[in-house]
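Asks: Handing you a structure now.
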Amino acid sequence: MSSCLEAEHSPIFVNGPIVVGAGPSGLSVAACLSNRGVPSVILERTDCLASLWQKRTYDRLKLHLPKHYCELPLMEFPKNFPRYPSKQQFITYIECYAARFNIKPVFNQTVEKAKFDVVSGLWKVKTQDCVYTSKWLVVATGENAEPVVPDIPGLKNFYGPVVHTSAYKSGSEFANRKVLVVGCGNSGMEVCLDLCRYNALPHMVVRNSLHVLPRDVFGLSSFGIAMTLLKWFPLKLVDNFLLLLANSSLGNTDRLGIRRPKTGPIELKNATGKTPVLDVGAISLIQSGQIRVTVKAITKKGAKFVDGQEMEFDSIILATGYKSNVPDWLEENGFFTKEGMPKTPFPNGWKGENGLYTVGFTRRGLLGTVFDAVKIAEDITDQWMKSEGPLSASNICSSWGTPSPCIVHFHFNKS
């Protein structure tokens, strides 16, 4: 592989797509392309695969869905893995996946800017070290690229440590402390559960309405039940059935300070991307009083509750989610919203203009990623096969007007 330093400011021509991001989305596209004989180059800003999983998740994390709904294209999970693989098991699966398809990203390459050059008809992707060029650009940085730290009244005045869940690892760091958890999605619920296991006293800020469903019912996955029923019944009917299961299993969460939205869980997920919480034990701890909810406001030393009482806290954990970072580096007009999400909804948001593609922005988890990756690989392969062979490096050099020889970067992902 040619070195960036060797290029001396000459663009590095990639004989295949440039994929930005070495998470599950980027790896899925590279594997599907490899399986069709098309080379690619993945640029990754960190030093590892799936950095969100390896560097910014808590230790007790498991897949929220059964493993067969979370498999990447062309490779199943090991049969000896449990129904809900652990964080480390998923990382092992990712590393084996990359090895199987000989995917070797270029690590420590932060994309600072990517822009389509109308003169050459190529994408120009600039990192801190190099400039890469290609006919195709695949945006695979995903919906969860950067932590969200919202402007919460009173938060700046709090005297203790404030930590986002991206930096939270274990409740052992907060043993026997009073901890305020802001956010009650899957991460917020699981962090509270984890804190309880280390004798911490968590209190949870519920800022919005949300659906809480049992992860399993009678030994079956709630998600699996829903996916099966949707093959035969209308969405609203399936939503009503899920709510019936939830109420019979968990009780009325409104009484706990957790209001349900008027829109059903699947319909809401499809429309907004807001994922239902799949309960693994937090609701029972809320019912028993070990986890307290309905905080009204954050104060200098802690929080005020809706009943007027105040309590001091040692720490605050922000379970406030993540966001896309695409607007920070991609220069294009019309395909992405200002929030960094494709304007065209699933299932047609995977392809833009001028060889631009996106994977991992469907708000449908890894199932959506697989759908996008297969579509992208098929589309690029068709163009690859119809062309009269790989683009000429000399043509690329002349289009950029560089007198010195270009460095041609070939990275074949062979299965």
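The values are calculated or read from the model by the stated rules, or taken from the named source; none is laboratory data. Small disclaimer: the values here were computed from a predicted structure and weren't measured. Cβ sites come from the backbone with ideal geometry, for glycine too, and all protein chains shown count toward neighbours. Heavy atoms of the whole protein, side chains included, go into the accessibility calculation; ligands, DNA and RNA do not. Shrake-Rupley method; radii C 1.70, N 1.55, O 1.52, S 1.80 Å.
Asks: Tell me, yes or no, whether the stretch 40-53 has at least one residue that is open to solvent by 60 Å² or more (accessible area, probe 1.4 Å) and of a type in the set (Asp, Glu).
Replies: Looking for residues that are open to solvent by 60 Å² or more (accessible area, probe 1.4 Å) and of a type in the set (Asp, Glu), one finds at least one in the stretch 40-53, hence yes.
Asks: Sticking with this one: What are the residue pairs meeting all of these: first residue in the stretch 185-209, first residue within 12 Å of Val293 (Cα to Cα), second residue surrounded by 19 or more Cβ atoms within 10 Å (Cβ to Cβ) and among the hydroxyl-bearing types (Ser, Thr, Tyr), Cβ atoms under 9 Å, and 6 or more apart or on different chains?
Replies: Gly188/Thr165; Gly188/Thr320; Arg207/Thr320
Conditions tested, residue by residue: (1) aliphatic (A, V, I, L, M); (2) surrounded by 16 or more Cβ atoms within 10 Å (Cβ to Cβ); (3) touching a Gly at 6+ places or on another chain (Cβ under 6 Å).
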| site | (1), (2), (3) |
| --- | --- |
| Gly142 | no, yes, yes |
| Ala145 | yes, yes, no |
| Ser166 | no, yes, no |
| Lys169 | no, no, no |
| Val191 | yes, yes, no |
| Arg207 | no, no, no |
| Leu220 | yes, no, no |
| Asn240 | no, no, no |
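Asks: All but one of (1) of a type outside the set (D, E, K, R); (2) outside any loop (DSSP other than H, G, I, E, B); (3) farther than 13 Å from Val182 by Cα hold for Ala303; state the number of the condition that does not hold.
Replies: (3)
Asks: Among the candidates Leu72, Leu65, which residue alone is closer than 30 Å to Asn354 by Cβ, open to solvent by less than 60 Å² (accessible area, probe 1.4 Å) and either in contact (Cβ under 8 Å) with a residue 60 or more places away in the chain or not polar (S, T, N, Q) (or both)?
Replies: Leu72
Asks: Right, Phe313: more than 26 Å from the chain's Cα centre (by Cα), in contact (Cβ under 8 Å) with a residue 40 or more places away in the chain and open to solvent by less than 40 Å² (accessible area, probe 1.4 Å) or not?
Replies: So Phe313 passes the test.
Asks: Taking the stretch 342-363, which residues are of a type in the set (A, V, I, L, M, F, W, C) and either over 13 Å from the mean Cα position of the chain (by Cα) or open to solvent by 90 Å² or more (accessible area, probe 1.4 Å) (or both)?
Replies: Phe346, Trp350, Leu356
Asks: Sticking with this one: Can you tell me which residue within the stretch 206-237, out of those that are of a type in the set (A, V, I, L, M) and under 23 Å from the mean Cα position of the chain (by Cα), is modelled with the lowest pLDDT?
Replies: Val206
Asks: Let me ask you something else. Spot the failing condition for Asp307; the list is (1) out of contact with any Lys or Arg (no Cβ under 8 Å at 6 or more places or on another chain); (2) surrounded by 13 or more Cβ atoms within 10 Å (Cβ to Cβ); (3) at pLDDT below 90, and only one is missed.
Replies: Asp307 satisfies all of (1) out of contact with any Lys or Arg (no Cβ under 8 Å at 6 or more places or on another chain); (2) surrounded by 13 or more Cβ atoms within 10 Å (Cβ to Cβ); (3) at pLDDT below 90 except (2).
Asks: Then there's this: Taking the condition open to solvent by 50 Å² or more (accessible area, probe 1.4 Å), touching a residue at least 12 places away in the same chain (Cβ under 8 Å) and over 26 Å from Glu339 (Cα atoms), does Val280 pass?
Replies: For Val280, the condition - open to solvent by 50 Å² or more (accessible area, probe 1.4 Å), touching a residue at least 12 places away in the same chain (Cβ under 8 Å) and over 26 Å from Glu339 (Cα atoms) - is met.
Asks: For the stretch 122-140, which positions are in a strand (DSSP E or B), crowded, with 20+ Cβ neighbours inside 10 Å and not small (Gly, Ala, Ser)?
Replies: Leu122, Trp123, Val125, Thr127, Tyr132, Thr133, Leu137, Val138, Val139
Asks: Kindly provide the set of residues from the stretch 250-266 that are open to solvent by less than 70 Å² (accessible area, probe 1.4 Å) and over 18 Å from Leu65 (Cα atoms), ordered by number.
Replies: Across the stretch 250-266, the qualifying residues are Leu250, Gly251, Thr253, Leu256, Gly257, Ile258, Arg260, Pro261, Thr263, Gly264.
Asks: Of the residues that make up the stretch 328-341, is at least one of a type outside the set (Lys, Arg), more than 20 Å from Ala145 (Cα to Cα), surrounded by fewer than 16 Cβ atoms within 10 Å (Cβ to Cβ) and modelled with pLDDT of 95 or more?
Replies: no
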